[in-house]
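First the structure, in the form of structure tokens, and then the observations on it.
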Amino acid sequence: CLGRVANKLFREIVAHSSNVSSLVLGKASGRLLATGGEDCRVNIWAVSKPNCIMSLTGHTSPVECIQFNSSEERVVAGSQSGSLRLWDLEAAKILRTLMGHKASVCSLDFHPMGEYLASGSVDSNIKLWDVRRKGCVFRYKGHTQAVRCLAFSPDGKWLASASDDSTVKLWDLIAGKMITEFKSHTSAVNVVQFHPNEYLLASGSADRTVKLWDLEKFNMIGSSEGETGVVRSILFNPDGSCLYSGSENTLRVYGWEPDRCFDVVHVGWGKVSDLAISNNQMIAVSSSQNNVSWYVVDLNRVKKSGSVLQGLIQDKLIPAPTSALGTTLRRNYERPTTSCTGQDPEGERRSPSSEDEKEDKESSAEITNPEDYKEIFQPRSAVIYVDLFVYFQAGQLKGPITSSTPVQRVEPTMIAAAPRPVPIGLNAGDFLSHALNAKASVMGDEEALAQIRKGHDTMCVMLTSRYKNLDTVRSVWASGDVKTSLDSAVSMNDLSIVVDVLNIINLKPSLWKLDLCTSILTQIEELLQSKYESYVQTGCISLKLILKRFWPLISDTLTAPPSVGVDITREERHRKCKACYKQLKNLSNVVKNRAEQVGRHGSTFKELQLLMAPLY
């Protein structure tokens with residue numbers, strides 16, 4: 001396809017001293033990037049510059065989400081503790097500290113015209129904040145799980161929210177109530193966005209689909225499948241002609257009415273976090289641990305209309321229905337000059353307190369690169385957009401990874417699941433005996449090869465043993481008995497085998513039965529306390545599925561009054577539920593302890609702690 005030569009890696013940097021937990025591009029210009037990390041900092045970068053421009057401090061827990069306002073003069077960041085901090089980038093100072101969420105803030109958006117912003121949390125609540133009065137204007141309740149994305153409509157009257165409960169909800173800001181709910185997704189919805197002109201909403205989900213909704217009739221008008229992974233970012237073209245979807249290493253270009261895929265661009269960006277468009281070039285960012293990478297796709301080389309990539313069929317473009325005046329049948333947004341208003345029925349509005357003023361003073365904006373700061377923020381009109389693709393042709397941007405301000409590096413205590421360019425804290429000499437270290441300089445080729453073969457043989461034995469164990473589990477699985485397969489994996493006393501089997505079962509939640517829970521909960525307890533990141537992730541996913549599918553059954557069974565007569569099936573179910581309850585009770589203590597740690601896993605364990613609240 002045309003996209004094969006349209007993309008390149010622009011730059012890779014070390015953005016934070018610890019894992020990057022959030023990042024967002026400035027949509028208006030595509031020239032600014034904000035990153036948040038587990039080091040509790042927010043760093044501001046220019047796409048065309050290799051060094052950090054400004055470092056914002058004040059949060060005392062990891063930064064979970066960030067958002068620029070429409071003019072890119074302000075940036076707000078939500079933390080794992082539930083607090084929000086707002087900075088003025090031109091004045092280089094903290095403006096507001098907003099408190100109120102009871103759990104990690106995981107989504108933010110600025111109102112397009114007024115001094116308002118919305119925040120969504122793991123506690124499932126959405127809050128609308130008045131920045132000038134430093135208080136909560138309204139609280140929207142309706143989601144049952146974490147709110148992963150928020151988006152205001154272009155006219156500022158509606159708010160769309162996407163959640164882990166697989167729903168997209170539309171809220172009326174003036175009336176303070178939900179307008180409608182879309183339920184067609186089968187997994188967590190990660191991102192939503194309004195069409196820039198028409199009454200149209202797009203959503204992307206972990207079920208690898210992108211769906212489009214008509215906001216006049218409140219029905220789905222399109223569903224595009226074929227994504228290579230979880231849909232993490234979507235973006236309408238500025239003229240509204242097409243929709244871009246970013247998933248695992250792939251950019252897709254969609255049309256609607258009818259559903260069409262115009263182009264597929266294979267990009268090596270991994271799990272893309274955000275997209276923006278500048279000078280007909282798409283800028284994308286992704287992160288891996290404490291590294292951030294920029295990618296650029298030249299949209300001049302990407303098809304945005306005219307063909308349908310289904311098999312190898314090329315069809316003529318079917319024009320969108322138009323009226324006599326040449327406009328689409330859906331209405332366009334009206335953009336009033338007034339901002340949204342609302343009343344707080346729950347009395348959450350509050351005036352600034354002395355404690356808040358103290359927190360504001362403790363926050364700061366450190367300008368780490370004064371020249372770049374002046375060029376971009378003072379004055380704003382002096383900014384010249386950079387033609388990024390020219391750099392690729394000139395080959396000027398290939399070079400070593402550069403770091404921002406020097407910060408003391410903190411080595412992680414957990415073995416990361418993703419590969420790193422350099423092993424963490426490993427010294428090749430530590431793997432040799434002291435005698436060999438002493439004579440390493442005079443070691444001959446034969447002796448060196450003997451040492452290498454020795455380690456190689458050991459690894460081959462381990463991998464052969466694992467292969468045999470997996471083959472045994474597979475042969476049992478072929479009989480259709482998932483319970484026996486899992487029991488055989490547990491009996492091998494090898495957590496790696498258990499993880500392999502659980503990863504398969506987690507992909508199809510319908511395979512989970514109450515029998516499986518009684519067999520695997522003890523193993524999940526070991527996985528949650530493992531030093532391997534991938535083991536912890538698998539354990540968390542499995543525990544979350546068990547709680548969502550079986551906790552209501554366990555609770556209802558144990559609290560139900562005794563039945564009259566003999567009911568063997570009910571007694572057997574009661575026995576299994578009692579065993580599961582006992583194991584979950586033990587797990588609740590592990591989850592509670594791990595929820596106190598900082599970082600991505602701390603956030604995951606806090607979410608599990610909320611699901612396990614009835615056990616405390």
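Summary of computed values
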{"quantity": "Extended-chain gain in nm, criterion 0.36 nm per residue less alpha-carbon gap, Val566 and Ala92", "calculated": "163.3 nm"}
{"quantity": "Anisotropy class of region 454-615 from Cα gyration tensor, a/c 1.5 cut", "calculated": "oblate"}
{"quantity": "Efficiency of FRET from Cβ geometry, Asp556 and Glu216, R₀ 45 Å, rounded to 0.05", "calculated": "0.60"}
{"quantity": "Region 454-615, accessible area per residue, ligands and nucleic acids excluded (1.4 Å, Å²)", "calculated": "55"}
{"quantity": "Gain upon complete extension [Ser519, Ile174; 0.36 nm per residue less C-alpha separation]", "calculated": "119.1 nm"}
{"quantity": "Loop-located GluC sites (Glu not before Pro) in region 173-278 whose Cβ has at most 14 other Cβ within 10 Å (DSSP)", "calculated": "Glu216, Glu225"}
{"quantity": "Solvent-accessible heavy-atom area per residue, rounded to whole Å², over region 196-273 at 1.4 Å", "calculated": "31"}
{"quantity": "Anisotropy class of region 1-123 from Cα gyration tensor, a/c 1.5 cut", "calculated": "prolate"}
{"quantity": "Cross-link pairs Lys27/Lys169; Lys49/Lys134; Lys141/Lys548; Lys141/Lys582; Lys127/Lys374 - those with Cα-Cα distance over 30 Å", "calculated": "Lys49/Lys134; Lys141/Lys582; Lys127/Lys374"}
{"quantity": "Selection of chymotrypsin sites (Phe, Trp or Tyr not before Pro), region 149-222, meeting DSSP coil and at most 15 other Cβ within 10 Å", "calculated": "Phe218"}
{"quantity": "Cα gyration tensor shape of region 60-177, rounded if a/c is under 1.5, else prolate or oblate by comparing a/b with b/c", "calculated": "oblate"}
{"quantity": "Sites Lys102 and Lys271, calculated FRET efficiency, Cβ-Cβ separation with R0 35 Å, nearest 0.05", "calculated": "0.80"}
{"quantity": "Under 16 Å from the Asp500 label point (7 Å along Cα→beta-carbon), backbone N, region 456-473", "calculated": "459-473"}
{"quantity": "Fraction of accessible area attributable to carbon and sulfur, region 454-615 (%, probe 1.4 Å)", "calculated": "56"}
{"quantity": "Karplus-derived 3J(HN,Hα), 6.51/-1.76/1.60, for each residue of region 575-581, Hz, glycine and proline x", "calculated": "5, 5, 5, 5, 5, 5, 4"}
{"quantity": "Filtered GluC sites (Glu not before Pro), region 530-596: DSSP coil and at most 15 other beta carbons within 10 Å", "calculated": "Glu596"}
{"quantity": "Solvent-accessible heavy-atom area per residue, rounded to whole Å², over region 104-194 at 1.4 Å", "calculated": "29"}
{"quantity": "R0 of 30 Å, Cβ-Cβ distance Leu463-Lys508: FRET efficiency to nearest 0.05", "calculated": "0.65"}
{"quantity": "Spacing of the two label points (7 Å from each Cα toward its C-beta) at Arg549 and Asp155, in nm", "calculated": "4.4"}
{"quantity": "Value of relative contact order over region 454-615, rounded to a whole percent, pairs C-alpha under 8 Å and six or more apart", "calculated": "17"}
{"quantity": "Gain in span if fully extended, Glu371 to Thr484, counting 0.36 nm per residue against the direct Cα distance", "calculated": "34.1 nm"}
{"quantity": "Carbon/sulfur fraction of accessible area - region 152-200, other protein chains in place, 1.4 Å, %", "calculated": "45"}
{"quantity": "Filter on Lys544/Lys578; Lys102/Lys177; Lys93/Lys592 - keep pairs with C-alpha separation over 28 Å", "calculated": "Lys93/Lys592"}
{"quantity": "Within the accessible area of region 35-88 (1.4 Å probe), percent carbon and sulfur", "calculated": "35"}
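The values are calculated or read from the model by the stated rules, or taken from the named source; none is laboratory data. No experiment lies behind these values; they were computed from the predicted model shown. Glycine gets a Cβ as well: all are built from the backbone with ideal geometry, and neighbour counts include every protein chain shown. When the accessible area is computed, the model is the full protein with side chains, heavy atoms only, and any ligands, DNA or RNA have been set aside. Shrake-Rupley method; radii C 1.70, N 1.55, O 1.52, S 1.80 Å.
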